[in-house]
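The values are calculated or read from the model by the stated rules, or taken from the named source; none is laboratory data. Keep in mind that this is a model prediction, so the values were computed, not measured. Heads up, the Cβs are rebuilt from the backbone with ideal geometry, glycines too, and the neighbour counts pull from every protein chain shown.
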């Protein structure tokens, strides 16, 4: 992990057009930027394209970066705005997991992009829940839970107020919890095919008994 | 501040929320309330969100990203050159057109002025030739005069020294910064 001094030096040099210094910043921030793009856009190929574009934009606008702000907030802000623009333009498509072969689900197979502890069911559940939310709500959830930003930082990144952030977060959580509750209810109900099968088994048992 | 992933704060907050929901569901009047979102699903959501991690980019992502940065930089440089070139062409065309119009206007007003201008221009064009001639004469006479040779040598030495000092001054701030950090 790079120290604060290292990062400051890289930023200063990158502002003077030093590409090697900027490469260090890309190395340090590739995971959060890619992760945000992946969660926002919902598929690895769009996420990679978006994350690369975010770094291009960051390099092009390096001179506008205010060193009093955290670099992480600045780059996440670029990533957030870019992903939202992309979703609004319709470039970022939410791909259903059913449409993909299992080995195409993760980018470049090995190593797995997600932590090994995260199983696919949970990943699918998260993707589905996030896909239910409007972009701004999804963004707030991602920044809060994946990037551990404070309300103030989220407000800065999304160019909004803290109260708007809290409200979006509340609504997003509510919508996701409702979806989870609906899932649980659906899981508790016996499926139609299961009911038919149970009925058939009951009939067979009755026939044998007679 | 370098980037740090989800910390204890979110997980701790999730734990507290779970405890709170656990308590609220154990209180009969509260658990009997018909809520849009049940405490159980809210707690489940917290557990789910607290368990997620950042997604790793695919291998060699940084290399591809830097290649794209370089490509974009080259494209921007090419665009800048094209823009400057176009601006120069437009400027030259404008100047040529303006001069042509001016000359036509002057000729119709007073042909003598145009002749005078032509004389001035030919004299101006002769200046570089005169300068070159002067340089040739100086170069031819230099080997014969040791004082002149010494003066030329001193001029070259001063020029090289000046360039050296300038190069050192330009390199100093970075060097100082690195030393301070060390």
Quiz item: Of everything in region A:49-66 that's without any contact (Cβ under 8 Å) to a residue 24 or more places away in the chain and either touching a strand residue (DSSP E or B) at 6+ places or on another chain (Cβ under 6 Å) or part of a loop (DSSP other than H, G, I, E, B) (or both), which residue is surrounded by the fewest Cβ atoms within 10 Å (Cβ to Cβ)?
Solution: A:66
Practice problem: Could you please find all residues in region A:21-34 being touching a helix residue (DSSP H, G or I) at 6+ places or on another chain (Cβ under 8 Å) and either more than 30 Å from residue A:124 (Cβ to Cβ) or facing another protein chain (nearest Cβ under 7 Å) (or both)? | Solution: A:21, A:22, A:23, A:24, A:25, A:26, A:27, A:28, A:29, A:30, A:32, A:34
Practice problem: For region A:158-175, enumerate the residues that are surrounded by 14 or more Cβ atoms within 10 Å (Cβ to Cβ) and assigned to a helix (DSSP H, G or I). | Solution: A:162, A:164, A:165, A:166, A:167, A:168, A:169, A:171, A:172, A:173, A:174, A:175
Self-check item: Conditions (1) surrounded by 19 or more Cβ atoms within 10 Å (Cβ to Cβ); (2) more than 9 Å from chain B (Cβ to nearest Cβ); (3) under 20 Å from residue A:139 (Cβ atoms); number of the one not met by residue A:38
Solution: (2)
Quiz item: When you go through (1) crowded, with 17+ Cβ neighbours inside 10 Å; (2) in contact (Cβ under 8 Å) with a residue 12 or more places away in the chain one by one for residue A:69, which number turns out not to apply?
Solution: (1)
Practice problem: Select from region A:72-91 the residues that are more than 18 Å from residue A:137 (Cβ to Cβ) and loosely packed, with under 13 Cβ neighbours inside 10 Å and list them in ascending order. | Solution: A:89, A:90
Self-check item: Selected residue (only one of B:130, B:96, B:118, B:126 is at pLDDT below 90, in a helix (DSSP H, G or I) and out of contact with any helix residue (DSSP H, G or I) (no Cβ under 7 Å at 6 or more places or on another chain))
Solution: B:118
Self-check item: Lone qualifier among B:63, B:84 - being within 14 Å of another protein chain (Cβ to nearest Cβ), at pLDDT 85 or above and loosely packed, with under 14 Cβ neighbours inside 10 Å
Solution: B:63
Practice problem: Could you please find all residues in region A:134-148 being part of a loop (DSSP other than H, G, I, E, B) and buried (at least 23 other Cβ atoms within 10 Å of the Cβ)? | Solution: A:147
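Okay, residues lined up against (1) exposed (fewer than 12 other Cβ atoms within 10 Å of the Cβ); (2) under 30 Å from residue A:181 (Cα atoms); (3) in contact with a strand residue (DSSP E or B) (Cβ under 8 Å, 6 or more places away or on another chain):
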| residue | (1), (2), (3) |
| --- | --- |
| B:51 | no, yes, no |
| B:54 | no, yes, no |
| B:75 | yes, no, no |
| B:78 | yes, no, no |
| B:90 | yes, no, no |
| B:107 | no, no, no |
| B:115 | yes, no, no |
| B:118 | yes, no, no |
